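Worksheet: the structure to be examined is printed underneath.
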Amino acid sequence: MRTLQSDTASGLMDMEAARRIERYGYNEVQEPTVNQAVLFARKFWGITAWMLEITVVISFILQRYLDAYIILALLFFNSATGFIQERRASAAVESIKRTLQVNARVLRSGKWGVLPARELVPGDIVRTRAGDFVPADIAIIDGEIGVDQSALTGESENIEKRMNDLLYSGSVIKRGEATGIVVSTGARTYFGKTTQLVQTARPTLHVEEITTRVVRWLAGIVSISVIVAVIVSILRGFQIIEILPLMLVLLVSAIPVALPAMFSISTALGSVDLGRKGVLVTRLSASEDAATMDILCIDKTGTITTNRLSITHVKPFPPFTERDAVVYGALASRAADQDPIDCAFIAAAQKEQFVHEALHQKEFVPFDPETRRTEALIQKNEEEFRVSKGAVRVIADLCRLSSAEKGSVEAEMGEFAKKGYKTLAIARTDGGGAFRIVGLAALYDAPRPDSKDLIRELMDLGVSVKMLTGDSSAIAREIAEEVGLSGNIVSVSGITGSLEDDPKTVADIAEKSDGFAEIYPADKYAIVKSLQGKRHIVGMTGDGVNDAPALKQAEVGIAVSNATDVAKDAASVVLTGEGLSNIVDLVKTARMINQRLVTWILNKIIKTILIVFLVVGAFLISGTYIIATFDLVLLLFVIDFVTLSLSTDTVRWSKKPDVWSISALAGVSLALGLFLVLESAALLYIGTQQFGLLNAIQELHTFTFQILFYSGVFTIFVVRERGRFWHSMPGKTLIWAIIIDMVVIAVITTVGVPGIAPVSPRITLLVILFTGIFALLVNDTIKVSVLERIGFRW
């Protein structure tokens, strides 16, 4: 304290803290940066890049220099586009990191407050409690705590720390509370590690697994088709080196080359959109899980209610008075912890100026979910006594009340509960050290004005809402009915044995009820796991250190705005605003992100079926390759340019939770893909018969290029909407990308450029009209019919 020139009573002055930031810097460790040139170079490494690079080399060997240069230019352009888009996605994640920061309770200029941990400086007096990440190296001044240092040292056991011990930055407080002084920050801390809440690892999404299986099946069919085409080509006298580039590009067309980038871009940009609405996604997989979530378990306090408690009634027990109950309740509280219940008692005491300066809190034991009470040692002049506040039954047992006295106390509690009031009991020790009950305090946490409407909206979206609370059944039923739930609340105390003993029964109860009352944090984990056992996708809200296992187990773990650091770390979503509105936004936005992803997947599979089956089929029938290698490479790039815009498309969210089915996904794409092949083959036949293109091979290549391009573009309009294509307007970016692409391709195929022979404007017009009419009228009708037949939604 002397060395750092600090003071436990007032902490650092604000001006002094600002000077120390200039001297020591912010409390953060700069992460190593990756060379951007290296990241760009990686775009040329991988199976798709290798195949195209081999194609370039073979083109040089065959002295097709123009093809080689143009394919090389397209490869650079595609790599640059992917690099820029992924940079945008990375910037989005970094933005979330900056927003979701660790905070610390700090004493500055004599007042306790909450500041970003990066603003801590040596000499700051801080308060840590269970559930916090230790934000800097801190020497304990007062208190005893259990610390988890496993992330730093690998030790699996909790370490007990007390006065003069050092808390290392990055460790986690698991038990107790302590006040300490910051001794080192940033890179000067012992382990030199910045604590952060955003998990940058990107887990495999369920939709990716399904897509991988579909594409693997598709790649098998494509490979067989290509092998057959190669064998037939050799038998017909083609040189293998002449057809190899085309075969390589056909194989490339089956590889979902942009799939990882599309997922990263869509989910990252969706996360930014959610961030503007007060929802911070810390795991990119959460957006998919939220789209498929069908049950949401929510804490009553702070989510359904305002979490702004106030004392409405006080029931003293003689010889104590109402004033005594409020004073002793306030003395059994601690302002530094910013606990809502503690704040309610302190505010009530300060409002009436009840607390006298002669009363001094010497020791404080914070609330623990296991003991369900707080306790403090109070000194008044030469006298010392203890005070406690907590759950009524816990305090009744502490005071050793008789059965009759307990019955009377519980009757009073029952009357309060009927009005939706949470009741706490207050006690203090007498001269002999035995606790005596002082009185009851009724606290009211009113439901948020919008909770009822938002719960109804969640239900309309197909999400079943379950309320979980540690309060009594009477309070839970009253609040449930106020917010539009039926009031069918089950008390955990009425269930025989532990909830983990019979998960099937617990899941059955949860499915049929509107929630549980009188639960402990450990029960939340059991409820989530039991529902998952019945194949539900479960969301869970929580705020405390003991909620972390349930938040981590749930597919959509949602840490509310005032959650502890440990709860935020375990969750996949963190809310920055209060209430349920953010959760409704999460569900809607997640379903829109999912639809964009599925649109891309369907379009990719359909496009692959069309290209490979049409090119290989036409060759087997006519003995002619109807498209050149350069044309096919150009086609893949210009279509990808458009489909990248799907990541920002304006789409409608589904009215029910999204459901994934590999057979349905393959069925829809196969049906549309085969119809497109037949339509394109018919158009190809018209072109060869009416315009004599079989005798003009260069023009035939251009004509085929036009068919594949315009079919692919119009298919985007078909697959982006689950109903008829006109039911929703595409996003401006997608529309402009399609218009620009269509105009550019119409010009270069009609006028001609190096590598592409010109065709008649009549041919161009025929292709646009034919592909547009069939896609938007025929294929759109087929899509709706297939979806209705198999009951598939996306």
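The values are calculated or read from the model by the stated rules, or taken from the named source; none is laboratory data. The structure presented is a predicted model; accordingly, all values stated were derived computationally and were not measured. Counting neighbours? That spans all protein chains shown, and the Cβs are built from the backbone with ideal geometry, glycine included. Ligands, DNA and RNA are stripped out before the accessible areas are found, and what is left, the full protein with its side chains, is counted by its heavy atoms. Shrake-Rupley method; radii C 1.70, N 1.55, O 1.52, S 1.80 Å.
Observations
- Those lysines that a straight Cα-Cα span of less than 18 Å connects to residue 362, excepting residues fewer than 8 apart in one chain: 380, 389
- Computed over protein heavy atoms with a 1.4 Å probe, the accessible surface of the range 593-730 works out to 31 Å² per residue.
- In straight-distance terms, cross-link reach from residue 655 covers every one of the lysines whose alpha-carbon lies under 23 Å from its own, apart from those fewer than eight places away in the same chain; here that gives 277, 452, 466, 512, 534, 588, 783.
- With 0.36 nm allotted per residue and the present C-alpha distance subtracted, the residue 751-residue 323 stretch has 144.9 nm of extension available.
- The range 327-472: relative contact order as a whole-number percent, Cα under 8 Å and 6+ apart: 16 percent
- Full-extension gain in nm, residue 488 to residue 501, via 0.36 nm per residue minus C-alpha separation: 2.4 nm
- The share of accessible area on the range 536-644 that comes from carbon and sulfur is 57 percent, using a 1.4 angstrom probe.
- Sequence ranges 270-281, 588-599, 132-143, 726-737, ranked by mean other-Cβ count within 10 angstrom, highest first: 588-599, 132-143, 270-281, 726-737
- Of all accessible heavy-atom area on the range 259-350, the percent that carbon and sulfur account for (1.4 Å): 53 percent
- Each of 581, 240, 359 was placed along the dipole of the chain (beta-carbon charges, centred on the mean Cα), and the one lying farthest toward the positive end is 240.
- Remark: the Cα gyration tensor places the range 636-692 in the oblate category, a/c being 1.5 or greater and a/b not exceeding b/c.
- Between helix 403-418 and the chain: long-axis angle, C-alpha atoms, 0 to 90°, nearest 10: 50 degrees
- Across 45, 112, the residue with the most accessible area heads the list, and the full order at a 1.4 Å probe is 45, 112.
- For the range 467-576, the solvent-accessible area of protein heavy atoms averages 36 Å² per residue (probe radius 1.4 Å; ligands and nucleic acids excluded).
- Surface composition of the range 701-794: carbon and sulfur atoms hold 75% of the protein heavy-atom accessible area at a 1.4 Å probe.
- Once backbone amide H atoms are built at 1.01 Å from N, residue 174 has 131, 146, 147, 148 as its partners under 5 Å, excluding neighbours fewer than 5 places away on the same chain.
- Distance from the Cα centroid of the range 766-781 to that of the range 357-400 is 77 Å (rounded to whole angstrom).
- Paramagnetic label zone (point 7 Å from Cα along Cα-to-C-beta, residue 405; backbone N under 17 Å) in the range 419-439: 425-439
- Nearest-ten-degree value, helix 206-235 long axis tilted from longest Cα axis of the chain: 20 degrees
- Highest-first arrangement of 386-392, 781-787, where packing means the average Cβ count within 10 Å: 386-392, 781-787
- The chain - convex hull of alpha carbons, volume per residue in Å³: 184 Å³
- Cross-link reach is defined here as a Cα-Cα straight distance under 14 Å, omitting same-chain residues fewer than 8 places apart; for residue 422 the aspartates and glutamates meeting it are 342, 410, 412, 445, 471, 478, 518.
- Euclidean distance between Cα centres, the range 600-645 to the range 503-536, Å: 50 Å
- Proximity of backbone amide H atoms, modeled 1.01 Å from N, is registered between residue 368 and 373 at under 5 Å, excluding neighbours fewer than 5 places apart on the same chain.
- Packing-based ranking, highest mean first, of 646-658, 427-439 given that Cβ atoms within 10 Å are counted: 646-658, 427-439
- Cα-based shape type of the range 682-779, given that a ≥ b ≥ c are square roots of the gyration tensor eigenvalues and the cut on a/c is 1.5: oblate
- Paramagnetic label reach from residue 562 (point 7 Å along Cα→Cβ; backbone nitrogen cut-off under 18 Å): within the range 473-513, no residues.
- Mean-position separation - Cα centroids, the range 274-321 and the range 723-757, in angstrom: 48 Å
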